[in-house]
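The values are calculated or read from the model by the stated rules, or taken from the named source; none is laboratory data. All values reported here derive from a predicted model rather than from experimental measurement. FYI the Cβ positions are ideal-geometry reconstructions off the backbone, even for glycines, and counts take in every protein chain you see.
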Amino acid sequence: MNRVVVSAPGKLLLFGEHAVVYGYPSIVTAVDRRINVEAVKIEGKLDHYNCPGVKDLSFIQGTVKQLKKVYKISQKVAIATNSSFSQNYGLGSSSAVTVATVGALSQLFKLKMSKREIFDLSYKIILSLQGVGSGFDAASAVFGKTLYYVYAGKVIESIKVKSLSLVIGYSGIKADTKTIVKKLGQRYKQNRIEIEEKFIKIAKIVEKARKALINNNYNELGLLMNQNHKLLKELGVSSDRLDTMIEDALKAGASGAKLSGAGGGDCMIALVSEEKKKLVSEAVSKAGGTVIKVNPNAQGVRIES
Ligand code: MEV
């Protein structure tokens with residue numbers, strides 16, 4: 001086998017952001033926007049990269065380097081990518097491309113890596129490049145569907161979700177996750193008890209949300225989203241734009257809404273009934289957001305050809 005194509009999905013964090021970095025659980029869902037990575041064995045002295053639209057090649061190059069080192073491979077490869085989602089939305093393009101590259105090389109060199117091994121190596125590479133991160137995005141790209149996830153992959157459990165109707169609004173601002181996580185880290189050092197209290201409250205919300213998802217209890221899920229957002233606001237990671245989009249989504253009939261991810265920018269999510277989807281989407285647009293059409297609960301890393 002000289003050529004393979006493997007794809008991995010983007011993600012949306014439903015509950016538990018920030019607290020998950022401190023060892024608490026979170027809930028993440030994979031979305032149906034994917035990145036394809038093609039890997040081909042080539043002759044020559046250098047690996048070759050053709051990755052239009054990938055702003056930061058270091059995730060792909062770092063993955064090729066690290067995987068070859070671990071598996072003692074000297075064969076040169078050509079990597080080509082194409083993606084069905086913008087890197088600006090905060091849908092996890094870096095982790096998706098890392099996971100898809102690990103998956104593609106595993107397939108190309110017949111390494112027979114398990115999903116857990118793909119996660120472990122991808123998370124290690126992402127952490128070495130980003131310096132911070134709980135790994136939830138890599139887990140989502142590998143395992144797909146909707147996951148209950150604890151820091152560094154201590155627990156990765158699939159949650160059976162029947163349906164999840166969301167409106168997703170991009171705030172127009174690319175979140176700087178690393179800076180936001182580090183800033184909160186500094187505040188955590190200064191004000192540990194107060195912030196830890198909020199994380200514990202978020203963890204309780206995550207546990208309740210897990211049950212609500214299993215029981216298809218969408219009213220409860222909406223209330224929990226609102227409670228989670230209130231705590232994120234108190235942690236200082238929301239923004240005026242996100243808050244307005246969230247408030248307007250709720251006024252238009254969403255059952256619950258919150259920021260998703262690091263905050264400061266990126267996306268908000270609103271839980272809606274099918275009947276309210278149009279009204280809520282319009283409200284989010286009017287509040288300055290770009291509505292992104294993605295479906296949750298998508299498949300994890302997979303071989304395309
Ligand atoms: C960022 O998308 C979510 C954070 O919880 C960071 C992480 O879990 O890696 C803020």
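Please verify whether residue 137 is within 14 Å of the ligand (Cβ to nearest atom), farther than 18 Å from residue 28 by Cα and acidic (Asp, Glu), treating the condition exactly as stated. It would help to see each step written out before you state the result.
Working: within 14 Å of the ligand (Cβ to nearest atom): yes; farther than 18 Å from residue 28 by Cα: no; acidic (Asp, Glu): yes.
It is false that residue 137 is within 14 Å of the ligand (Cβ to nearest atom), farther than 18 Å from residue 28 by Cα and acidic (Asp, Glu).
Looking at region 95-118 only, could you name the residues that are under 22 Å from residue 33 (Cβ atoms) and surrounded by fewer than 24 Cβ atoms within 10 Å (Cβ to Cβ)?
Hits for region 95-118 are 107, 115.
For residues that are surrounded by fewer than 24 Cβ atoms within 10 Å (Cβ to Cβ) and within 16 Å of the ligand (Cβ to nearest atom), tally how many sit in region 28-49.
Qualifying residue count, region 28-49: 1.
Need the failing condition index for residue 146 against (1) at pLDDT 95 or above; (2) within 14 Å of the ligand (Cβ to nearest atom); (3) hydroxyl-bearing (Ser, Thr, Tyr), just the number.
Here residue 146 meets the rest and fails (2).
What tally of residues in region 81-94 results from selecting those that are more than 16 Å from the ligand (Cβ to nearest atom) and crowded, with 16+ Cβ neighbours inside 10 Å?
Final tally of qualifying residues: 3.
Among 252, 257, 212, which is the only one that is away from the ligand (no atom under 13 Å from the Cβ), farther than 30 Å from residue 86 by Cβ and buried (at least 16 other Cβ atoms within 10 Å of the Cβ)? First the steps, then the outcome.
Details: 252 fails: farther than 30 Å from residue 86 by Cβ; 257 fails: farther than 30 Å from residue 86 by Cβ.
Of 252, 257, 212, the one residue that is away from the ligand (no atom under 13 Å from the Cβ), farther than 30 Å from residue 86 by Cβ and buried (at least 16 other Cβ atoms within 10 Å of the Cβ) is 212.
Is region 44-57 home to any residue that is in contact (Cβ under 8 Å) with a residue 60 or more places away in the chain and either of a type in the set (A, V, I, L, M, F, W, C) or under 14 Å from residue 96 (Cα atoms) (or both)? Walk me through how you get there before you give the answer.
Narrowing region 44-57 to residues in contact (Cβ under 8 Å) with a residue 60 or more places away in the chain: none.
No, because not a single residue in region 44-57 is in contact (Cβ under 8 Å) with a residue 60 or more places away in the chain and either of a type in the set (A, V, I, L, M, F, W, C) or under 14 Å from residue 96 (Cα atoms) (or both).
Here's the yes/no breakdown for (1) of a type outside the set (S, T, N, Q); (2) closer than 13 Å to residue 22 by Cβ; (3) over 21 Å from the mean Cα position of the chain (by Cα):
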position: 153; (1), (2), (3): yes, no, no
position: 157; (1), (2), (3): yes, no, no
position: 165; (1), (2), (3): no, no, no
position: 171; (1), (2), (3): no, no, no
position: 197; (1), (2), (3): yes, yes, yes
position: 215; (1), (2), (3): no, no, yes
position: 225; (1), (2), (3): yes, no, no
position: 229; (1), (2), (3): yes, no, no
